[in-house]
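Only one structure is covered here, and it is reproduced in the block below.
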Amino acid sequence: KAGVTQTPRYLIKTRGQQVTLSCSPISGHRSVSWYQQTPGQGLQFLFEYFSETQRNKGNFPGRFSGRQFSNSRSEMNVSTLELGDSALYLCASSLEGRGRWGGDNEQFFGPGTRLTVL
Amino acid sequence: AQTVTQSQPEMSVQEAETVTLSCTYDTSESDYYLFWYKQPPSRQMILVIRQEAYKQQNATENRFSVNFQKAAKSFSLKISDSQLGDAAMYFCAYWGLRGNTGKLIFGQGTTLQVKP
């Protein structure tokens, strides 16, 4: 079974631009979560999508948005890029995204997209 | 709000020796999972081990085991017979089962160096 894939792997943008990152989950997984990883703030949750609906959201400004398609693929968009948005953006997929005893509660991570904002 | 703390930014171990990585967490919830994830340099994050909060027995996966102290809210990872391939950043993570869909809360990570 193919793992989680993310495209592109690397991006360089300038301040003020916008960017779209893509994530393809493992086949059969309906939940996709996005995280931002930086040396200073560590791994922070951005949002989670399930069946094309945003179910959960972290504490990020409205410049960060996302969506999910009917095939569970997800995109996240960052508008009006700032220098502080430079980070590794990880997506993770799981069957349901909702933990329950005895269920499949593992999140599988993609390789990430390294975004550099100049 | 739930928090996860890893107080050891860096650790080192000699090959074939044993090392323990520490993690504490804070939550008012009773139903949750705890995880240890491994992130090798420039490689994908993978799950090392998971612990269900209702289980008193500590989880083990081959050379990896945890010491789960629910009352103390402590969740340490022990790596036995360390190998060069164990060198990575290790993250402790929390997942609450009540309503917090898709959200893992991570500690700051511990970089493990394995010396030959």
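Filtered by the rule that a residue be crowded, with 17+ Cβ neighbours inside 10 Å and outside any strand (DSSP E or B), segment B:9-26 gives B:S22, B:C23. Only one entry in B:T60, B:T24, B:T5, B:T110 is of a type in the set (S, T, N, Q), more than 10 Å from the chain's Cα centre (by Cα) and at pLDDT 95 or above, namely B:T5. Report the residue count in segment A:66-81 for those that are out of contact with any Asp or Glu (no Cβ under 9 Å at 6 or more places or on another chain), buried (at least 17 other Cβ atoms within 10 Å of the Cβ) and of a type in the set (S, T, N, Q). Going through segment A:66-81 one residue at a time, the tally reaches 1. Can you find a residue that is surrounded by 17 or more Cβ atoms within 10 Å (Cβ to Cβ) and of a type in the set (K, R) anywhere in segment B:52-63? Checking segment B:52-63: not a single residue is surrounded by 17 or more Cβ atoms within 10 Å (Cβ to Cβ) and of a type in the set (K, R). Quick check: anything in segment B:43-53 more than 14 Å from chain A (Cβ to nearest Cβ), closer than 29 Å to A:L88 by Cα and either part of a loop (DSSP other than H, G, I, E, B) or hydroxyl-bearing (S, T, Y) (or both)? No, there is no match, as no residue in segment B:43-53 is more than 14 Å from chain A (Cβ to nearest Cβ), closer than 29 Å to A:L88 by Cα and either part of a loop (DSSP other than H, G, I, E, B) or hydroxyl-bearing (S, T, Y) (or both). Of the strands (runs of 3 or more DSSP E) contained entirely in segment A:24-118, those carrying at least 2 residues that are within 30 Å of B:A53 (Cβ to Cβ) and at the interface with another protein chain (Cβ under 8 Å from one of its Cβ atoms) fall at A:31-38, A:42-50, A:53-57, A:87-94. Of all the residues in segment A:23-55, those that are surrounded by 15 or more Cβ atoms within 10 Å (Cβ to Cβ), touching a Ser or Thr at 6+ places or on another chain (Cβ under 9 Å) and either of a type in the set (F, W, Y) or in contact (Cβ under 8 Å) with a residue 24 or more places away in the chain (or both) number 17.
The values are calculated or read from the model by the stated rules, or taken from the named source; none is laboratory data. Being a predicted model, the structure only gives us computed values, none of them experimental. Using ideal geometry, Cβ is built from the backbone for each residue, glycine included, and neighbour counts are taken over all protein chains shown.
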